[in-house]
1. Just tell me which lysines come within less than 23 Å, Cα to Cα, of residue A:202; anything on the same chain fewer than 8 places away is out.
2. Could you state the accessible area per residue of region A:1-54 in Å², with a 1.4 Å probe and every protein chain left in place?
3. Which residue, B:34, B:122, B:57, tops the fluctuation ranking in a GNM of chain B built on C-alpha contacts under 10 Å?
4. Would you calculate, for chain B, the mean residue ellipticity at 222 nm contributed by helices, counting each DSSP H stretch of 4 or more residues as -39,500 (n - 2.57) and dividing by all residues, to the nearest 500?
5. All other residues with a Cβ under 10 Å from the Cβ of residue A:118 taken together, and with Lys, Arg as +1 and Asp, Glu as -1, what is their net charge?
6. Over region B:125-172, what percent of the accessible surface lies on carbon and sulfur atoms, probe 1.4 Å?
7. Mean 1/r over all different Cα pairs, inverted: what Kirkwood radius does region B:48-202 give, in Å?
8. Can you list the aspartates and glutamates whose alpha carbon sits under 17 Å from that of residue B:35, skipping same-chain ones fewer than 8 residues off?
There are 2 protein chains.
Amino acid sequence: MKVKDEQKYDRLLQAAVHVLATVGLAGFSTTKVAKQAGIPQSNLYIYFKNKQALLLAVFRLAVHAESVAATASLKTEMAVIDQLTASIQGIYRFALDQPEFVTVIQLLLDDGQLKAKLSMKANDPANQQIQRLLRTGVERQILRSVDLNFHRYFLTRPVFHFAQGVRAGLYADTPAELATVTTMIMAAVLQPAVYQEWVRIK
Amino acid sequence: MKVKDEQKYDRLLQAAVHVLATVGLAGFSTTKVAKQAGIPQSNLYIYFKNKQALLLAVFRLAVHAESVAATASLKTEMAVIDQLTASIQGIYRFALDQPEFVTVIQLLLDDGQLKAKLSMKANDPANQQIQRLLRTGVERQILRSVDLNFHRYFLTRPVFHFAQGVRAGLYADTPAELATVTTMIMAAVLQPAVYQEWVRIK
(Lines give C-alpha, C1' and ligand atoms only; values in the text may rest on other atoms or scores of the structure.)
Protein backbone atom coordinates (compact mmCIF):
# COMPACT_ATOMS: atom_id res chain seq x y z
CA MET A 1 0.00 0.00 0.00
CA LYS A 2 1.08 3.58 -0.62
CA VAL A 3 1.55 5.86 2.38
CA LYS A 4 -1.73 7.62 1.74
CA ASP A 5 -3.50 4.28 1.55
CA GLU A 6 -1.93 3.16 4.81
CA GLN A 7 -3.26 6.25 6.53
CA LYS A 8 -6.78 5.52 5.31
CA TYR A 9 -6.42 1.88 6.30
CA ASP A 10 -5.34 2.87 9.81
CA ARG A 11 -8.13 5.45 10.07
CA LEU A 12 -10.74 2.86 9.11
CA LEU A 13 -9.31 0.36 11.58
CA GLN A 14 -9.28 2.84 14.46
CA ALA A 15 -12.85 3.81 13.58
CA ALA A 16 -13.84 0.14 13.55
CA VAL A 17 -12.40 -0.39 17.05
CA HIS A 18 -14.34 2.60 18.34
CA VAL A 19 -17.61 1.60 16.67
CA LEU A 20 -17.36 -2.01 17.87
CA ALA A 21 -16.52 -0.97 21.44
CA THR A 22 -19.43 1.49 21.42
CA VAL A 23 -22.28 -0.34 19.70
CA GLY A 24 -21.25 -3.98 20.14
CA LEU A 25 -21.25 -6.83 17.65
CA ALA A 26 -24.93 -6.74 16.75
CA GLY A 27 -24.84 -3.03 15.90
CA PHE A 28 -21.49 -3.13 14.09
CA SER A 29 -21.65 -2.25 10.39
CA THR A 30 -19.30 -1.05 7.65
CA THR A 31 -21.71 1.88 7.15
CA LYS A 32 -21.07 3.09 10.69
CA VAL A 33 -17.31 2.54 10.41
CA ALA A 34 -17.06 4.48 7.15
CA LYS A 35 -19.10 7.31 8.64
CA GLN A 36 -16.97 7.37 11.80
CA ALA A 37 -13.78 7.47 9.68
CA GLY A 38 -15.19 10.11 7.31
CA ILE A 39 -14.47 7.91 4.32
CA PRO A 40 -17.04 6.87 1.69
CA GLN A 41 -18.35 3.37 2.34
CA SER A 42 -17.48 2.27 -1.20
CA ASN A 43 -13.83 3.11 -0.42
CA LEU A 44 -13.89 0.95 2.70
CA TYR A 45 -14.26 -2.14 0.52
CA ILE A 46 -10.96 -1.34 -1.17
CA TYR A 47 -9.28 -2.07 2.15
CA PHE A 48 -11.61 -4.67 3.68
CA LYS A 49 -13.47 -7.20 1.56
CA ASN A 50 -16.43 -7.31 3.92
CA LYS A 51 -17.54 -6.87 7.53
CA GLN A 52 -16.02 -10.21 8.53
CA ALA A 53 -12.60 -9.16 7.16
CA LEU A 54 -12.84 -5.87 9.04
CA LEU A 55 -13.68 -7.66 12.30
CA LEU A 56 -10.70 -9.98 11.79
CA ALA A 57 -8.42 -6.96 11.29
CA VAL A 58 -9.83 -5.36 14.46
CA PHE A 59 -9.20 -8.56 16.40
CA ARG A 60 -5.62 -8.81 15.18
CA LEU A 61 -4.92 -5.15 15.95
CA ALA A 62 -6.37 -5.40 19.47
CA VAL A 63 -4.63 -8.67 20.37
CA HIS A 64 -1.41 -7.31 18.87
CA ALA A 65 -1.67 -4.22 21.09
CA GLU A 66 -2.38 -6.42 24.10
CA SER A 67 0.56 -8.69 23.28
CA VAL A 68 2.91 -5.72 22.86
CA ALA A 69 1.81 -4.41 26.27
CA ALA A 70 2.19 -7.86 27.83
CA THR A 71 5.70 -8.35 26.46
CA ALA A 72 6.98 -4.75 26.71
CA SER A 73 9.04 -5.30 29.86
CA LEU A 74 10.00 -8.94 29.24
CA LYS A 75 13.59 -9.93 28.67
CA THR A 76 14.43 -13.40 27.45
CA GLU A 77 16.96 -13.86 30.25
CA MET A 78 14.23 -13.36 32.87
CA ALA A 79 12.87 -16.43 34.64
CA VAL A 80 9.57 -17.71 33.20
CA ILE A 81 7.68 -16.82 36.40
CA ASP A 82 9.03 -13.27 36.37
CA GLN A 83 7.99 -12.95 32.74
CA LEU A 84 4.47 -14.11 33.65
CA THR A 85 4.06 -11.58 36.47
CA ALA A 86 5.57 -8.81 34.31
CA SER A 87 3.07 -9.67 31.57
CA ILE A 88 0.21 -9.37 34.08
CA GLN A 89 1.40 -5.90 35.00
CA GLY A 90 1.69 -4.97 31.33
CA ILE A 91 -1.83 -6.22 30.64
CA TYR A 92 -3.13 -4.27 33.63
CA ARG A 93 -1.67 -0.96 32.37
CA PHE A 94 -2.99 -1.78 28.89
CA ALA A 95 -6.49 -2.47 30.23
CA LEU A 96 -6.50 0.82 32.16
CA ASP A 97 -5.14 2.84 29.24
CA GLN A 98 -6.93 1.17 26.33
CA PRO A 99 -10.42 0.19 27.51
CA GLU A 100 -11.80 0.10 23.96
CA PHE A 101 -9.28 -2.55 22.93
CA VAL A 102 -10.23 -4.58 25.99
CA THR A 103 -13.93 -4.28 25.19
CA VAL A 104 -13.45 -5.49 21.62
CA ILE A 105 -11.20 -8.39 22.67
CA GLN A 106 -13.85 -9.53 25.15
CA LEU A 107 -16.69 -9.10 22.66
CA LEU A 108 -14.92 -11.05 19.93
CA LEU A 109 -13.60 -13.86 22.14
CA ASP A 110 -16.89 -14.35 24.00
CA ASP A 111 -18.74 -14.94 20.73
CA GLY A 112 -18.24 -18.65 20.14
CA GLN A 113 -19.21 -18.62 16.47
CA LEU A 114 -16.93 -15.71 15.68
CA LYS A 115 -14.04 -16.89 17.81
CA ALA A 116 -13.71 -20.00 15.68
CA LYS A 117 -13.06 -17.78 12.65
CA LEU A 118 -10.53 -15.50 14.33
CA SER A 119 -6.81 -16.20 14.22
CA MET A 120 -3.64 -14.23 14.66
CA LYS A 121 -1.12 -13.90 11.86
CA ALA A 122 1.80 -16.26 12.39
CA ASN A 123 4.13 -13.30 11.97
CA ASP A 124 2.89 -11.25 14.92
CA PRO A 125 6.10 -11.32 16.99
CA ALA A 126 4.65 -10.07 20.29
CA ASN A 127 1.83 -12.60 20.18
CA GLN A 128 4.30 -15.33 19.22
CA GLN A 129 6.45 -14.36 22.18
CA ILE A 130 3.52 -14.93 24.55
CA GLN A 131 2.70 -18.29 22.96
CA ARG A 132 6.37 -19.32 23.24
CA LEU A 133 6.46 -18.24 26.90
CA LEU A 134 3.41 -20.37 27.68
CA ARG A 135 4.73 -23.39 25.77
CA THR A 136 8.11 -23.09 27.51
CA GLY A 137 6.37 -22.77 30.86
CA VAL A 138 4.42 -25.99 30.29
CA GLU A 139 7.47 -27.87 28.92
CA ARG A 140 9.56 -26.92 31.94
CA GLN A 141 6.70 -27.95 34.26
CA ILE A 142 6.35 -24.45 35.64
CA LEU A 143 2.84 -24.03 34.26
CA ARG A 144 0.18 -26.69 34.66
CA SER A 145 -0.01 -29.15 31.81
CA VAL A 146 -3.34 -27.92 30.44
CA ASP A 147 -4.72 -26.43 27.20
CA LEU A 148 -2.80 -23.20 26.52
CA ASN A 149 -6.17 -21.47 26.05
CA PHE A 150 -6.80 -21.95 29.77
CA HIS A 151 -3.48 -20.26 30.57
CA ARG A 152 -4.20 -17.36 28.23
CA TYR A 153 -7.64 -16.99 29.79
CA PHE A 154 -6.49 -16.95 33.42
CA LEU A 155 -3.49 -14.70 32.70
CA THR A 156 -5.62 -12.10 30.93
CA ARG A 157 -9.32 -11.97 31.75
CA PRO A 158 -9.15 -11.55 35.55
CA VAL A 159 -6.75 -8.66 34.86
CA PHE A 160 -9.29 -7.08 32.50
CA HIS A 161 -11.95 -7.57 35.18
CA PHE A 162 -9.76 -5.94 37.81
CA ALA A 163 -8.94 -2.96 35.56
CA GLN A 164 -12.62 -2.49 34.68
CA GLY A 165 -13.43 -2.61 38.39
CA VAL A 166 -10.76 0.00 39.12
CA ARG A 167 -12.16 2.26 36.41
CA ALA A 168 -15.65 1.84 37.86
CA GLY A 169 -14.49 2.53 41.44
CA LEU A 170 -15.18 -1.04 42.60
CA TYR A 171 -11.52 -1.85 43.33
CA ALA A 172 -8.64 0.33 44.53
CA ASP A 173 -5.81 1.03 42.07
CA THR A 174 -3.11 -0.07 44.52
CA PRO A 175 -0.10 -2.39 44.15
CA ALA A 176 -1.55 -4.52 46.97
CA GLU A 177 -4.82 -5.13 45.10
CA LEU A 178 -2.98 -5.95 41.87
CA ALA A 179 -0.73 -8.30 43.88
CA THR A 180 -3.83 -10.09 45.21
CA VAL A 181 -5.17 -10.64 41.70
CA THR A 182 -1.72 -11.72 40.51
CA THR A 183 -1.41 -14.24 43.35
CA MET A 184 -4.81 -15.77 42.54
CA ILE A 185 -3.89 -16.00 38.85
CA MET A 186 -0.49 -17.55 39.58
CA ALA A 187 -2.13 -20.12 41.86
CA ALA A 188 -4.44 -21.05 38.99
CA VAL A 189 -1.78 -21.40 36.28
CA LEU A 190 1.40 -22.58 38.07
CA GLN A 191 2.15 -26.16 39.03
CA PRO A 192 1.26 -26.32 42.75
CA ALA A 193 4.85 -26.97 43.91
CA VAL A 194 6.15 -24.10 41.79
CA TYR A 195 3.44 -21.82 43.16
CA GLN A 196 4.37 -22.71 46.78
CA GLU A 197 8.02 -21.94 46.11
CA TRP A 198 7.07 -18.66 44.38
CA VAL A 199 4.92 -17.59 47.34
CA ARG A 200 7.69 -18.54 49.78
CA ILE A 201 10.42 -16.43 48.14
CA LYS A 202 8.44 -13.47 46.77
CA MET B 1 -50.06 -7.86 40.37
CA LYS B 2 -52.97 -9.88 39.04
CA VAL B 3 -52.24 -13.22 37.35
CA LYS B 4 -52.75 -11.75 33.91
CA ASP B 5 -50.34 -8.94 34.73
CA GLU B 6 -47.73 -11.36 35.99
CA GLN B 7 -47.87 -13.22 32.71
CA LYS B 8 -47.28 -10.02 30.77
CA TYR B 9 -44.51 -9.02 33.15
CA ASP B 10 -42.79 -12.38 32.65
CA ARG B 11 -43.28 -12.21 28.89
CA LEU B 12 -41.67 -8.77 28.75
CA LEU B 13 -38.77 -9.90 30.92
CA GLN B 14 -38.10 -13.01 28.82
CA ALA B 15 -38.24 -10.83 25.70
CA ALA B 16 -35.79 -8.38 27.27
CA VAL B 17 -33.29 -11.18 28.02
CA HIS B 18 -33.51 -12.37 24.42
CA VAL B 19 -33.18 -8.87 22.94
CA LEU B 20 -30.23 -7.97 25.18
CA ALA B 21 -28.42 -11.25 24.44
CA THR B 22 -28.99 -10.76 20.72
CA VAL B 23 -28.35 -7.07 20.07
CA GLY B 24 -26.17 -6.13 23.05
CA LEU B 25 -26.38 -3.14 25.35
CA ALA B 26 -25.99 -0.44 22.69
CA GLY B 27 -28.83 -1.81 20.58
CA PHE B 28 -31.13 -2.57 23.51
CA SER B 29 -34.38 -0.59 23.57
CA THR B 30 -37.85 -0.82 25.09
CA THR B 31 -39.22 -0.58 21.54
CA LYS B 32 -37.49 -3.81 20.55
CA VAL B 33 -38.51 -5.55 23.77
CA ALA B 34 -42.18 -4.60 23.37
CA LYS B 35 -42.13 -5.77 19.75
CA GLN B 36 -40.42 -9.06 20.70
CA ALA B 37 -43.03 -9.64 23.43
CA GLY B 38 -45.94 -8.64 21.18
CA ILE B 39 -47.10 -6.05 23.71
CA PRO B 40 -47.68 -2.34 22.93
CA GLN B 41 -44.73 -0.24 24.06
CA SER B 42 -47.00 2.05 26.10
CA ASN B 43 -48.03 -1.02 28.13
CA LEU B 44 -44.40 -1.89 28.85
CA TYR B 45 -44.09 1.25 30.95
CA ILE B 46 -46.84 -0.02 33.25
CA TYR B 47 -44.45 -2.76 34.32
CA PHE B 48 -41.05 -1.05 33.92
CA LYS B 49 -40.58 2.66 34.56
CA ASN B 50 -37.84 2.97 31.94
CA LYS B 51 -35.07 1.12 30.13
CA GLN B 52 -32.82 1.26 33.20
CA ALA B 53 -35.50 -0.40 35.35
CA LEU B 54 -35.95 -3.10 32.72
CA LEU B 55 -32.20 -3.78 32.60
CA LEU B 56 -32.10 -4.04 36.39
CA ALA B 57 -34.96 -6.58 36.28
CA VAL B 58 -33.10 -8.56 33.60
CA PHE B 59 -29.95 -8.54 35.72
CA ARG B 60 -31.81 -9.77 38.80
CA LEU B 61 -33.59 -12.49 36.86
CA ALA B 62 -30.37 -13.75 35.25
CA VAL B 63 -28.30 -13.70 38.46
CA HIS B 64 -31.20 -15.32 40.31
CA ALA B 65 -31.28 -18.13 37.72
CA GLU B 66 -27.51 -18.51 37.99
CA SER B 67 -27.68 -18.59 41.80
CA VAL B 68 -30.46 -21.19 41.76
CA ALA B 69 -28.35 -23.36 39.45
CA ALA B 70 -25.25 -22.83 41.62
CA THR B 71 -27.06 -23.79 44.83
CA ALA B 72 -29.37 -26.51 43.45
CA SER B 73 -27.32 -29.44 44.74
CA LEU B 74 -25.92 -27.79 47.89
CA LYS B 75 -26.86 -29.05 51.31
CA THR B 76 -25.98 -27.02 54.37
CA GLU B 77 -24.38 -30.06 56.02
CA MET B 78 -21.88 -30.35 53.13
CA ALA B 79 -18.31 -29.12 53.72
CA VAL B 80 -17.65 -25.64 52.32
CA ILE B 81 -15.20 -27.00 49.73
CA ASP B 82 -17.73 -29.55 48.51
CA GLN B 83 -20.33 -26.80 48.24
CA LEU B 84 -17.91 -24.73 46.15
CA THR B 85 -17.15 -27.55 43.69
CA ALA B 86 -20.84 -28.45 43.49
CA SER B 87 -21.65 -24.82 42.70
CA ILE B 88 -19.08 -24.87 39.87
CA GLN B 89 -20.80 -27.91 38.39
CA GLY B 90 -24.18 -26.21 38.73
CA ILE B 91 -22.90 -23.08 37.02
CA TYR B 92 -21.42 -25.19 34.23
CA ARG B 93 -24.73 -26.89 33.47
CA PHE B 94 -26.46 -23.51 33.67
CA ALA B 95 -24.00 -21.96 31.21
CA LEU B 96 -24.47 -24.82 28.75
CA ASP B 97 -28.27 -24.80 29.06
CA GLN B 98 -28.93 -21.06 29.34
CA PRO B 99 -26.40 -19.26 27.12
CA GLU B 100 -28.60 -16.15 26.83
CA PHE B 101 -28.56 -15.66 30.59
CA VAL B 102 -24.78 -16.01 30.58
CA THR B 103 -24.45 -13.48 27.77
CA VAL B 104 -26.55 -10.89 29.58
CA ILE B 105 -24.75 -11.43 32.90
CA GLN B 106 -21.41 -10.86 31.15
CA LEU B 107 -22.67 -7.83 29.23
CA LEU B 108 -24.11 -6.17 32.33
CA LEU B 109 -21.20 -6.92 34.67
CA ASP B 110 -18.52 -5.92 32.14
CA ASP B 111 -20.07 -2.47 31.78
CA GLY B 112 -18.48 -0.51 34.62
CA GLN B 113 -20.97 2.35 34.58
CA LEU B 114 -23.95 0.06 34.59
CA LYS B 115 -22.53 -2.40 37.10
CA ALA B 116 -22.40 0.34 39.73
CA LYS B 117 -26.19 0.73 39.39
CA LEU B 118 -27.02 -2.97 39.53
CA SER B 119 -27.80 -4.73 42.77
CA MET B 120 -29.60 -7.86 43.84
CA LYS B 121 -32.66 -7.74 46.06
CA ALA B 122 -31.77 -8.62 49.64
CA ASN B 123 -34.55 -11.22 49.60
CA ASP B 124 -33.16 -13.39 46.80
CA PRO B 125 -32.53 -16.54 48.85
CA ALA B 126 -30.34 -18.41 46.32
CA ASN B 127 -28.07 -15.40 45.84
CA GLN B 128 -27.93 -14.89 49.61
CA GLN B 129 -26.95 -18.52 50.02
CA ILE B 130 -23.95 -17.99 47.72
CA GLN B 131 -22.92 -14.82 49.56
CA ARG B 132 -23.21 -16.65 52.90
CA LEU B 133 -21.14 -19.55 51.58
CA LEU B 134 -18.37 -17.16 50.47
CA ARG B 135 -18.42 -15.22 53.76
CA THR B 136 -18.32 -18.47 55.75
CA GLY B 137 -15.45 -19.72 53.59
CA VAL B 138 -13.40 -16.59 54.30
CA GLU B 139 -14.25 -16.58 58.02
CA ARG B 140 -13.18 -20.21 58.41
CA GLN B 141 -9.96 -19.47 56.47
CA ILE B 142 -10.90 -21.88 53.72
CA LEU B 143 -11.12 -19.16 51.08
CA ARG B 144 -8.44 -16.50 50.69
CA SER B 145 -9.07 -13.35 52.66
CA VAL B 146 -9.83 -11.15 49.64
CA ASP B 147 -12.70 -9.03 48.30
CA LEU B 148 -15.69 -11.36 47.83
CA ASN B 149 -16.04 -9.95 44.31
CA PHE B 150 -12.78 -11.70 43.40
CA HIS B 151 -14.18 -15.00 44.67
CA ARG B 152 -17.42 -14.55 42.77
CA TYR B 153 -15.44 -13.69 39.64
CA PHE B 154 -13.09 -16.69 39.76
CA LEU B 155 -15.85 -19.13 40.74
CA THR B 156 -18.06 -18.07 37.84
CA ARG B 157 -16.42 -16.49 34.82
CA PRO B 158 -13.86 -19.19 33.94
CA VAL B 159 -16.80 -21.63 34.05
CA PHE B 160 -18.73 -19.42 31.61
CA HIS B 161 -15.62 -19.31 29.39
CA PHE B 162 -15.28 -23.09 29.49
CA ALA B 163 -18.97 -23.64 28.67
CA GLN B 164 -18.80 -21.15 25.78
CA GLY B 165 -15.69 -22.97 24.51
CA VAL B 166 -17.49 -26.31 24.74
CA ARG B 167 -20.43 -24.91 22.78
CA ALA B 168 -18.04 -23.56 20.14
CA GLY B 169 -16.14 -26.85 19.88
CA LEU B 170 -12.94 -25.40 21.40
CA TYR B 171 -13.03 -27.60 24.51
CA ALA B 172 -14.28 -31.16 25.06
CA ASP B 173 -17.38 -31.62 27.22
CA THR B 174 -15.71 -34.20 29.46
CA PRO B 175 -15.56 -34.58 33.26
CA ALA B 176 -11.74 -34.43 32.99
CA GLU B 177 -11.78 -31.01 31.28
CA LEU B 178 -14.29 -29.63 33.80
CA ALA B 179 -12.09 -31.05 36.58
CA THR B 180 -9.10 -29.17 35.13
CA VAL B 181 -10.99 -25.88 35.15
CA THR B 182 -12.31 -26.63 38.65
CA THR B 183 -8.78 -27.32 39.93
CA MET B 184 -7.46 -24.03 38.51
CA ILE B 185 -10.37 -22.13 40.06
CA MET B 186 -9.94 -23.82 43.45
CA ALA B 187 -6.21 -23.00 43.41
CA ALA B 188 -7.12 -19.35 42.82
CA VAL B 189 -9.75 -19.03 45.56
CA LEU B 190 -8.67 -21.44 48.33
CA GLN B 191 -6.08 -20.69 50.99
CA PRO B 192 -2.91 -22.45 49.71
CA ALA B 193 -2.75 -24.97 52.58
CA VAL B 194 -6.43 -25.84 52.14
CA TYR B 195 -5.92 -26.25 48.40
CA GLN B 196 -2.99 -28.64 48.95
CA GLU B 197 -5.03 -30.75 51.31
CA TRP B 198 -7.98 -30.74 48.88
CA VAL B 199 -5.75 -31.91 46.02
CA ARG B 200 -4.19 -34.59 48.22
CA ILE B 201 -7.47 -36.22 49.25
CA LYS B 202 -9.66 -35.71 46.18
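1. Residue A:202 reaches A:75.
2. Ligands and nucleic acids excluded, the figure is 57 Å² per residue.
3. B:122
4. Here the helix-only value at 222 nm equals -25000 deg cm²/dmol.
5. +2
6. Answer for region B:125-172 is 44 percent, counting heavy atoms of protein chains only.
7. For region B:48-202, inverting the mean 1/r across all distinct Cα pairs yields 16.2 Å.
8. B:10
The values are calculated or read from the model by the stated rules, or taken from the named source; none is laboratory data. In this text the structure is predicted, and so the values were computed from the model without any measurement. Glycine gets a Cβ as well: all are built from the backbone with ideal geometry, and neighbour counts include every protein chain shown. Accessible surface is based on the protein model in full, side chains and every heavy atom, while ligands, DNA and RNA are left aside. Shrake-Rupley method; radii C 1.70, N 1.55, O 1.52, S 1.80 Å.
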